[in-house]
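Heads up: the structure comes next, in structure tokens.
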Amino acid sequence: MEGRLLNGEGMKTAGSAAPARTRFAPSPTGLLHIGNARTALFNWLWARRTGGRFVLRVEDTDPARSKASFEAGLMEDLRWLGLRWDEGPDIGGGSAPYRQSERTRIYGGYAEWLLRHDDAYLCWCSKERLLELRAAQLKAGAPPRYDGRCAQDNVAGVHGTAPAVRFRVPERKVAFTDAAHGRMSFDTKAFGDFVIMGSDGVASYNFAAVIDDALMDITHVIRGDDHLSNTPRQALLYQALGFGMPVFCHVPLVLGADRQPLSKRLEAVSLRALRADGFLPEAVVNAMSRLGWTPGTEGLLTLDELSGVFDLKGLSKSPSVFDMERLRAYNKAAMSGLDAPSLSRLAGISGVPKEAVEAARRNAGTLNELRTLLEPFAGEPAFTEEATAVMDNPSAKAVIRAAMTEVEAAAAIDGSSCGVIMKKVREATGEKGKGLYLPVRCALTGRTEGIELAEVFVLLGKEKLIERLGRFA
Ligand code: GLU
């Protein structure tokens with residue numbers, strides 16, 4: 001099996017306008033979060049910018065941790081963001097299959113080829129021996145690396161176990177140019193001979209990724225900084241297999257507010273959680289696009305607009321912190337672009353007047369907040385604990401009675417009624433501030449917070465005001 005591209009040292013230049021083939025290669029072992037979705041976004045933007053193609057490849061070689069439900073979930077998240085792929089496990093394409101678990105035979109073929117050319121050897125060392133070796137090296141203060149026992153003294157089956165396949169690492173420096181970090185150089189002494197196929201016949205990440213990126217004609221590998229240390233191993237494999245190297249572009253990690261890298265299991269910043277919290281995909285896309293890059297404006301942009309200006313040259317070298325407030329600001333901007341019927345539909349609420357939506361949107365950062373603000377106008381209010389406590393307060397009853405009297409006496413309710421009525425209630429009861437306003441607000445909406453009380457009055461109208469106040473009078 002010969003390598004198809006034989007310019008092992010060849011590097012395409014970053015930023016070239018030639019159509020790129022990029023890929024997003026998630027392992028289906030958890031939920032997609034802002035950090036790995038940002039990787040998908042940058043790959044998508046670069047493919048679109050250059051008029052190329054965006055490939056989705058599922059790296060499910062670890063059967064213990066990979067789940068079909070995670071694969072389905074990440075596809076759903078990508079679609080929700082608007083990041084459609086041109087080739088992938090569900091739609092196929094010229095480089096199918098796109099699930100690594102379905103490519104085992106391909107990896108096996110290349111492992112045999114490396115064995116035949118003596119670039120790899122069988123390793124019979126048991127797990128126990130490798131663990132002991134590692135412990136001894138760490139104890140001696142040396143970096144843990146394979147000692148090469150099977151490289152010289154290869155006696156089949158000595159330990160009675162199935163062999164792994166190890167890549168023979170030449171002692172030298174490996175250099176490559178990274179589109180974000182510039183020229184990088186590593187000494188191979190740091191890692192030693194590494195496993196490319198486990199004794200269970202499963203290809204290692206480095207081996208499978210290199211073969212797939214080469215066979216799928218990937219021109220740009222855009223991924224997280226956490227893979228930078230894998231890249232020298234991958235560069236050696238490209239050369240040994242006779243493949244041309246893609247452009248590597250390692251984007252700095254996204255950190256949480258605690259300055260720790262976002263983890264896949266961190267539910268709060270998973271796309272699923274953000275969607276459930278009522279964030280719009282446009283807002284999430286805009287917030288993600290500003291992590292380690294800037295389109296030169298703070299304003300909300302469409303995916304098309306972003307892809308029109310995206311450039312690998314503008315990527316930052318240092319980690320960026322995901323800022324929830326910024327996401328909220330983008331979400332408000334995205335919500336302001338929608339009319340009242342669309343907003344209520346997206347918020348899952350029906351039967352509220354347009355005026356209520358307009359009043360609520362001023363106070364809402366997410367669709368969920370909008371729904372909460374609108375609920376008292378869609379049906380009978382549900383009382384929060386705080387609101388119940390307010391109504392249980394002995395002074396509340398007098399306030400409600402006085403308010404009821406004034407509402408009944410009012411000819412009609414308009415924008416100024418609330419001010420006039422509450423002034424009279426204050427005079428009648430001697431209550432002011434929270435003691436005056438909270439009981440009325442809670443009786444009418446079931447909550448201690450919400451849209452302006454004057455607007456609540458107008459939206460409910462005289463009849464409903466009397467009905468809701470009447471329950472507590
Ligand atoms: N499956 C790897 C991950 O999810 C992909 C790394 C790569 O893009 O090469 O981290």
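The values are calculated or read from the model by the stated rules, or taken from the named source; none is laboratory data. As the structure is a computational prediction, the values presented were derived from the model and not from experiment. Positions of Cβ are generated from backbone atoms using ideal geometry, with glycine treated the same way; all protein chains shown enter the neighbour counts. Protein only, heavy atoms only, side chains kept; ligands, DNA and RNA dropped before computing areas. Shrake-Rupley method; radii C 1.70, N 1.55, O 1.52, S 1.80 Å.
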FRET efficiency for E386 and A411, using Cβ-Cβ distance with R0 set to 35 Å, rounded to 0.05: 0.55
Under the Debye formula (equal points on every Cα, no solvent term), log10 I(q)/I(0) of the chain at q = 0.09 Å⁻¹: -0.72
Highest first, please rank the peptides 353-363, 88-98 by the mean number of other Cβ atoms sitting within 10 Å of their residues. 353-363, 88-98
Could you name the aspartates and glutamates in cross-link range of K354, using Cα to Cα under 13 Å and dropping any fewer than eight places away on the same chain? D339, E455
In what order, largest first, do R259, R23, R149, R134 sit by accessible area if the probe radius is 1.4 Å? R259, R134, R149, R23
Given the candidates A389, L74, Q260, the one whose Cα lies deepest towards the positive end of the charge dipole of the chain, counting +1 at each Lys or Arg C-beta and -1 at each Asp or Glu C-beta, is Q260
Report, ordered by chain and residue number, the lysines lying within cross-link reach of K313, taken as a straight Cα distance under 29 Å and ignoring same-chain residues fewer than 8 apart. K12, K173, K264
For K139, K424, what's the largest-to-smallest order of accessible area, 1.4 Å probe? K139, K424
Only Lys, Arg, Asp and Glu count, each charged at its Cβ (+1, +1, -1, -1), so figure out the dipole size of the chain about its Cα centre, rounded to 20 debye. 540 debye
Spacing of the two label points (7 Å from each Cα toward its C-beta) at K424 and S342, in nm: 4.3 nm
Size of electric dipole in segment 11-140: Cβ of Lys, Arg +1 and of Asp, Glu -1, about Cα centre, debye, nearest 20: 380 debye
Farthest toward the dipole's positive end in the chain, which of A473, I91, A273, given Cβ charges of +1 (Lys, Arg) and -1 (Asp, Glu) about the Cα centre? A273
Ranked by accessible surface with a 1.4 Å probe, highest first, in what order do H227, H220, H117 come? H117, H227, H220
Check the chain for me: any Cys whose beta-carbon has no other cysteine beta-carbon within less than 4.7 Å? C125, C249, C418, C442
So what J values fall out for segment 63-75 if you push phi through Karplus, 6.51 cos²θ - 1.76 cosθ + 1.60 with θ = phi - 60°, rounded to Hz, Gly and Pro as x? x, 6, 9, 7, 9, 4, 5, 5, 4, 4, x, 6, 5
Which pairs in the list K67/K317; K332/K423; K397/K434 are over 24 Å apart, alpha-carbon to alpha-carbon? K67/K317; K332/K423
Given 186-198, 170-182, the highest-first ranking by average Cβ count within 10 Å works out to 186-198, 170-182
Alpha carbon centroid spacing (whole Å) that separates segment 188-247 from segment 383-415: 69 Å
Which FRET efficiency value, to the nearest 0.05, do you get for D62 and D323 by plugging their Cβ-Cβ distance into 1/(1 + (r/R0)^6) with R0 = 45 Å? 0.85
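Would you mind getting the Kirkwood hydrodynamic radius of segment 170-282 from its Cα pairs, rounded to one decimal in Å?
16.4 Å
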Answer with one residue from L327, A364, L291: the one whose Cα lies farthest towards the positive end of the charge dipole of segment 275-389, charges on Cβ with Lys, Arg +1 and Asp, Glu -1. L291
When 1/r is averaged over all different Cα pairs and the result inverted, which Kirkwood radius in Å belongs to segment 319-473? 16.5 Å
Relative contact order (%) - criterion: Cα under 8 Å, at least six apart; region: segment 329-473: 28 percent
Give me the percent relative contact order of the chain, please, defined on Cα pairs under 8 angstrom at least 6 residues apart. 15 percent
Which length gain, in nm to one decimal place, applies between N363 and A378 when the Cα-Cα distance is subtracted from 0.36 nm times their residue separation? 3.7 nm
